[in-house]
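Since the structure comes first, as structure tokens, the remarks are kept for the end.
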Amino acid sequence: MTTAPFSVAVVIPAKDESERITETIRGVRTIPGVATVVVVDDGSSDGTASIAAREGAEVVRHARNHGKADAMMSGLGRVNGLRRVGRLDADTAVLFVDADLEASAGAVRELVAPVSRGEADLTIANLPAQRGSAGGHGLVVGLARRGIEELTGWSPNQPLSGMRCLSPAAVEAATPFARGWGVEVGMTVDVLDAGLRVVEVPCDLQHRVTGTDWRSQVHRAAQYRDVALALGVRRLRRRLGPG
């Protein structure tokens, strides 16, 4: 009896990434087992959607920006639609990839192998030090790490890493996603709460780093808010118990 080849659907949330999306798509297409690439254009004002379509990606368009979590859910919606019409297998894994990785995107292949071998249900990319990083994420990362450890007993190295591969069981456990920038933290807690396996995997990836101007500080404040909300919702669930 032969085993069906392992397949992966890549979902790339993107906003105004016309300069980077081509290389990112081409990078993930080098990963063995990739069956489709879905780009969710989350209210871009540039040519992100048309470029992604030209590269052969399935494109989902939001007329206005809804945020990362909603874009990821829209990507999953397209993946489920492809399953329903028989273009993807029911056991296809889902690989979330940031749109700004460019040529380094191929390195997310490291996330796929543990899921394909049944060694993990959720793999999370551990990134090296980023070129040009000015730091400034300590408060948000610390909140996320402490919150996950408090709720699950597991302390991740990079709790906000957006590059993740999920088995179908992990997708079911993690959805619907926590809102906004709390999506990664909520996903990790929910998958662990379901008794599934989570593994961090080193990946040699480089992406655009957040700066230190006022817009960057506003972004970090929004991250902190959403992470705190995701953790608060899950603490409340613990107190309320089943049902």
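The values are calculated or read from the model by the stated rules, or taken from the named source; none is laboratory data. Every value quoted in this text rests on a predicted model; they were computed, and no experiment measured them. Neighbour counts run over all protein chains shown; Cβ positions are idealised from the backbone, glycine included. The area values use the complete protein model at the heavy-atom level, side chains included, leaving out ligands, DNA and RNA. Shrake-Rupley method; radii C 1.70, N 1.55, O 1.52, S 1.80 Å.
If Val94 passes every condition in (1) part of a helix (DSSP H, G or I); (2) within 23 Å of Ser74 (Cα to Cα); (3) open to solvent by less than 60 Å² (accessible area, probe 1.4 Å) but one, which one does it miss?
Exception for Val94: condition (1).
Which one is surrounded by the fewest Cβ atoms within 10 Å (Cβ to Cβ) among residues in region 146-167 that are touching a Ser or Thr at 6+ places or on another chain (Cβ under 6 Å) and assigned to a helix (DSSP H, G or I)?
So the residue we want is Glu149.
Among residues belonging to region 108-120 that are aliphatic (A, V, I, L, M) and either within 14 Å of the chain's Cα centre (by Cα) or closer than 23 Å to Val185 by Cβ (or both), point out the one that is surrounded by the fewest Cβ atoms within 10 Å (Cβ to Cβ).
Once the filter is applied, the top-ranked residue is Val112.
Inspect region 40-59 for any residue being surrounded by fewer than 20 Cβ atoms within 10 Å (Cβ to Cβ) and under 16 Å from the mean Cα position of the chain (by Cα) and give the result as yes or no.
No, region 40-59 contains no residue that is surrounded by fewer than 20 Cβ atoms within 10 Å (Cβ to Cβ) and under 16 Å from the mean Cα position of the chain (by Cα).
Which of the residues spanning region 2-39 are on the phi > 0 side of the Ramachandran plot and either under 17 Å from the mean Cα position of the chain (by Cα) or open to solvent by 70 Å² or more (accessible area, probe 1.4 Å) (or both)? So that I can check it myself, show each step before the final result.
We begin by selecting, within region 2-39, every residue on the phi > 0 side of the Ramachandran plot; these are 16, 33.
Passing the criteria: none in range.
Would you point out the residue of region 80-91, among those that are touching a residue at least 60 places away in the same chain (Cβ under 8 Å) and open to solvent by less than 30 Å² (accessible area, probe 1.4 Å), that is nearest to Thr30 (Cα to Cα)?
First, the residues of region 80-91 that are touching a residue at least 60 places away in the same chain (Cβ under 8 Å): 82, 88-91.
Now drop any that are not open to solvent by less than 30 Å² (accessible area, probe 1.4 Å), which leaves 82, 88.
Numbers: Leu82: 21, Leu88: 18 Å.
Filtering region 80-91 for residues that are touching a residue at least 60 places away in the same chain (Cβ under 8 Å) and open to solvent by less than 30 Å² (accessible area, probe 1.4 Å), the one nearest to Thr30 (Cα to Cα) comes out as Leu88.
Assess whether Thr123 counts as being open to solvent by 30 Å² or more (accessible area, probe 1.4 Å), over 18 Å from Gln223 (Cβ atoms), within 15 Å of the chain's Cα centre (by Cα) and of a type in the set (Ser, Thr, Tyr). Step through it out loud before you land on a result.
Values: open to solvent by 30 Å² or more (accessible area, probe 1.4 Å): no; over 18 Å from Gln223 (Cβ atoms): yes; within 15 Å of the chain's Cα centre (by Cα): yes; of a type in the set (Ser, Thr, Tyr): yes.
When the stated conditions are applied, Thr123 does not pass them.
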